[in-house]
Amino acid sequence: MVTAFRPGPPDKETPEDLLQHACTLVRLCGRDSAVAAVFLALVLVGTVSRLAAGPPGPAALALLPVVAGAFAVSASYAIRSRRTLVSVLAGVRGRTGSPVDPGVPWTPFGSAAALDDRVRDAELRRLLSAAHRCGELSWQAVAWAVATSVLFLFWTMAAAMTGG
């Protein structure tokens with residue numbers, strides 16, 4: 001049997017610390033997704049208004065699929081971030097029988113009994129892991145949204161130079 005050894009002090013994180021860290025990450029995910037949504041909305045409005053003004057030249061039309069592809073990648077990262085978080089929260093609620101949000105006004109059937117410490121810690125670690133994954137996905141959404149914006153600027157310049 002192989003055992004793992006981690007030097008240093010024992011794990012001092014309390015369940016409240018884990019939950020606070022996960023909540024902070026979820027808030028940051030929401031903020032990042034909102035930033036990505038703003039960038040994508042600006043690109044979408046700009047593209048639609050530019051196309052409504054008249055068809056751009058062939059060079060600009062050739063660049064349009066690149067802009068659309070980057071737009072789709074950014075939007076898919078934002079959607080995957082949200083879906084991952086909702087799925088994990090639903091799983092925690094299903095396994096524990098308790099609301100994840102303490103503001104829920106009713107007491108579910110399974111929350112009358114206290115959770116075992118091991119179960120509680122395992123669920124909190126799942127939440128923290130999901131929050132880290134959602135943070136990475138939402139950051140990718142922001143990065144791709146910025147790239148989409150830069151591509152949109154190049155597309156706009158190409159459309160203006162080709163007489164569209």
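The values are calculated or read from the model by the stated rules, or taken from the named source; none is laboratory data. Computed from a prediction, not measured in an experiment: that's the story for all the values here. Reconstructed Cβ throughout: ideal geometry from the backbone, glycine too, with neighbour counts over all protein chains shown. Side chains included, ligands, DNA and RNA excluded: accessible areas come from the protein's heavy atoms. Shrake-Rupley method; radii C 1.70, N 1.55, O 1.52, S 1.80 Å.
Among Cys29, Gly57, Thr47, flag the residue with its Cα farthest along the positive direction of the charge dipole of the stretch 23-102, charges on Cβ as +1 for Lys/Arg and -1 for Asp/Glu.
The Cα lying farthest towards the positive end belongs to Cys29.
Among 39-46, 75-82, how do they line up from the highest to the lowest mean number of other beta-carbon atoms within 10 Å?
My ranking of the peptides, most packed first, is 75-82, 39-46.
Where only protein heavy atoms count, and the probe is 1.4 Å, what is the accessible area per residue for the stretch 42-84 in Å²?
Per residue, the stretch 42-84 has 59 Å² of solvent-accessible surface.
For the stretch 45-52, just list the computed ³J(HN,Hα) in residue order, Karplus coefficients 6.51, -1.76 and 1.60, θ = phi - 60°, integers in Hz, with x standing in for Gly and Pro.
Result, ordered by residue: 5, x, 5, 5, 5, 5, 6, 5 Hz.
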